[in-house]
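Undergrad: Could you have a look at this structure, given as structure tokens, before my questions?
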Amino acid sequence: MEKKNIVVIGLGGVGGYFGFKINQFNEKENPFRITFVARSKTYDVVSENGLTLLSPEHPENITKPDEIVQSISEINNADLVLICVKEYDLENVCEQLKQVISTNTILLPLMNGVDIYDRVKKIIPENTILPACVYVASHIKEKGIVEHKGKPGKLIFGKDPSNASENVEWIINLMTDSRITFDFKKNSFADIWTKFIFVASFGLVSAKYNSSIGTVCNDTVQKQEATAIMKEVKAIADKKSIGLPSDIIEKSFEKASTFPPATPTSLQLDINVKQQNNELELFAGAIIHYGKELGIETPSTQKIHQELTEKIQQLSL
Ligand SMILES: NC(=O)C1=CN([C@@H]2O[C@H](COP(=O)(O)OP(=O)(O)OC[C@H]3O[C@@H](n4cnc5c(N)ncnc54)[C@H](OP(=O)(O)O)[C@@H]3O)[C@@H](O)[C@H]2O)C=CC1
Ligand SMILES: CC(C)(CO)C(=O)C(=O)O
């Protein structure tokens, strides 16, 4: 029987961490064919040296896939595609993907945001898409070199509500064999919103002050601002009957305190350090949009959206 082909698109913080784990398992046992998709400098570095993950979990820190390609158009016979890109690349990736996959290809987007499943489904409606979220503090150190700090990353994924009968047992086994910490849920949307309430509030506030997860927890003003954003997200989630627990705000601060205090958020790094494209719209934009749609006031999110838009403009001068 032909080996299943697992494709990882994007070797940044998330793809570099989870893709590394899957590939390192496969290098030893070889039950699958693994293809990495990386562009420009990342492609050059990983083709030449392999993918490096600097992490306390992995003393052997280099892994080489069966195949690395520069373009999604070169993907062949994919059984599972991990989409590990920033939200501003998502539609572009999906448009290219739909040209090269069959309806049997399963898609697993490992991204932040509560609308990712819908956005992928809109472009690729026939395929199984497993709604997911991840907790990990990992970032590109240099192209082809990803640095992970703190606790092992965690993946939560679930059944596709529009294709719940799809057999995903082999994917669950893959995650277990790759020693990925994960939960598999019948319905993962409450987990995705739980992640969102945390990452949207901490991401926006840490980006505004260029602070860190620990500072947002401990500084009175930053904590208040994060709490106000969380309340707006909670009101939206309640109106959408997502089923978030009533103590979700306390739980989110507890979750935050499990990260090393100096941990940055990806939004903070993108705005303040890399000064590149960023996911402001995935977080603040989405909250404002849902608020308007559902008749929920979102003044705190609107204020920080405005402040960050101005900050981005100033930094780019
Ligand atoms: N980093 C973190 O700690 C966490 C991030 N997340 C979320 O996960 C998602 C991914 O984030 P993250 O991994 O940090 O992002 P990164 O920017 O670190 O990595 C994304 C990678 O995707 C690559 N890419 C984009 N389009 C393509 C393409 N068409 N072909 C090949 N490669 C492509 C980029 O290439 P290039 O380098 O050339 O631009 C980049 O290397 C985001 O939604 C983020 O919010 C969630 C939890 C934690
Ligand atoms: C807060 C963190 C690091 C948690 O996974 C994250 O998701 C992000 O910064 O995008």
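Undergrad: Tell me, which residue of the stretch 265-282 that is of a type outside the set (S, T, N, Q) and closer than 22 Å to LYS231 by Cα is farthest from ligand 2 (Cβ to nearest atom)? Outline the logic, then answer.
TA: Here is the first cut: in the stretch 265-282, the residues of a type outside the set (S, T, N, Q) are 267, 269-271, 273-274, 279-282.
From the residues that got through so far, the ones that are closer than 22 Å to LYS231 by Cα too are 267, 279-282.
Numbers: LEU267: 6, GLU279: 8, LEU280: 12, GLU281: 14, LEU282: 10 Å.
Top of the filtered list is GLU281.
Undergrad: Could you grab me the full set of residues in the stretch 143-162 that are outside any strand (DSSP E or B) and either touching a strand residue (DSSP E or B) at 6+ places or on another chain (Cβ under 8 Å) or within 16 Å of ligand 2 (Cβ to nearest atom) (or both)? Explain how you work it out, then say what you get.
TA: Residues of the stretch 143-162 that are outside any strand (DSSP E or B), as a first pass: 143-144, 159-162.
Those that are outside any strand (DSSP E or B) and either touching a strand residue (DSSP E or B) at 6+ places or on another chain (Cβ under 8 Å) or within 16 Å of ligand 2 (Cβ to nearest atom) (or both): GLY144, LYS159, ASP160.
Undergrad: Could I ask something else about it? All but one of (1) away from ligand 1 (no atom under 13 Å from the Cβ); (2) touching a residue at least 40 places away in the same chain (Cβ under 8 Å) hold for SER102, so report the exception by its number.
TA: The number of the failed condition is (2).
Undergrad: Let me ask another. Report, by residue number, each residue of the stretch 99-142 that is touching a helix residue (DSSP H, G or I) at 6+ places or on another chain (Cβ under 9 Å), buried (at least 17 other Cβ atoms within 10 Å of the Cβ) and in a helix (DSSP H, G or I).
TA: Once the filter is applied, which keeps residues that are touching a helix residue (DSSP H, G or I) at 6+ places or on another chain (Cβ under 9 Å), buried (at least 17 other Cβ atoms within 10 Å of the Cβ) and in a helix (DSSP H, G or I), the stretch 99-142 yields VAL100, ILE116, TYR117, ARG119, VAL120.
Undergrad: Filter the strands (runs of 3 or more DSSP E) completely within the stretch 2-98 down to those with at least 3 residues that are within 14 Å of ligand 1 (Cβ to nearest atom) and under 22 Å from VAL120 (Cα atoms).
TA: Details: elements: 4-9, 32-37, 51-54, 67-69, 80-83.
Correct list: 4-9, 32-37, 80-83.
Undergrad: Can you go through GLU57, GLU27 and tell me which one is acidic (Asp, Glu), in contact with a Ser or Thr (Cβ under 8 Å, 6 or more places away or on another chain) and more than 22 Å from GLN96 (Cα to Cα)? Please lay out each step first, then the result.
TA: On the way: GLU57 fails: in contact with a Ser or Thr (Cβ under 8 Å, 6 or more places away or on another chain).
The match here is GLU27.
Undergrad: How many residues does the stretch 29-62 hold that are crowded, with 21+ Cβ neighbours inside 10 Å and in contact with an Asp or Glu (Cβ under 6 Å, 6 or more places away or on another chain)?
TA: Number of matching residues: 2.
Undergrad: A further question follows. Quick one: which residue in ILE236, ILE249 is away from ligand 1 (no atom under 13 Å from the Cβ), crowded, with 22+ Cβ neighbours inside 10 Å, over 18 Å from VAL134 (Cα atoms) and more than 19 Å from the chain's Cα centre (by Cα)? Talk me through it step by step, then tell me what you get.
TA: Details: ILE249 fails: crowded, with 22+ Cβ neighbours inside 10 Å.
Matching residue, one of ILE236, ILE249: ILE236.
Undergrad: What are the residue pairs meeting all of these: first residue in the stretch 192-206, first residue closer than 28 Å to ASP160 by Cβ, second residue β-branched (Val, Ile, Thr) and within 7 Å of ligand 2 (Cβ to nearest atom), Cβ atoms under 6 Å, and 6 or more apart or on different chains?
TA: Every condition considered, the pairs that remain are GLY203/THR265.
Undergrad: So for the stretch 194-211 (the condition being within 14 Å of ligand 1 (Cβ to nearest atom), within 28 Å of TRP170 (Cβ to Cβ), part of a helix (DSSP H, G or I) and not hydrophobic (A, V, I, L, M, F, W, C)), does at least one residue qualify?
TA: yes
Undergrad: Separate question: Would you mind telling me which numbered condition in (1) more than 16 Å from ligand 2 (Cβ to nearest atom); (2) buried (at least 17 other Cβ atoms within 10 Å of the Cβ) GLY243 fails?
TA: (2)
Undergrad: Suppose we filter the stretch 1-23 for residues that are surrounded by fewer than 21 Cβ atoms within 10 Å (Cβ to Cβ) and touching a strand residue (DSSP E or B) at 6+ places or on another chain (Cβ under 9 Å); how many remain? Walk me through it before giving the result.
TA: Keep residues of the stretch 1-23 that are surrounded by fewer than 21 Cβ atoms within 10 Å (Cβ to Cβ), which gives 1-5, 12.
Filter once more, keeping what is touching a strand residue (DSSP E or B) at 6+ places or on another chain (Cβ under 9 Å): 2-5, 12.
The number of residues fulfilling the criteria is 5.
All of the numbers you see were taken from the coordinates with simple rules; none came from a lab. These numbers come from a predicted model, not from an experiment. Heads up, the Cβs are rebuilt from the backbone with ideal geometry, glycines too, and the neighbour counts pull from every protein chain shown.
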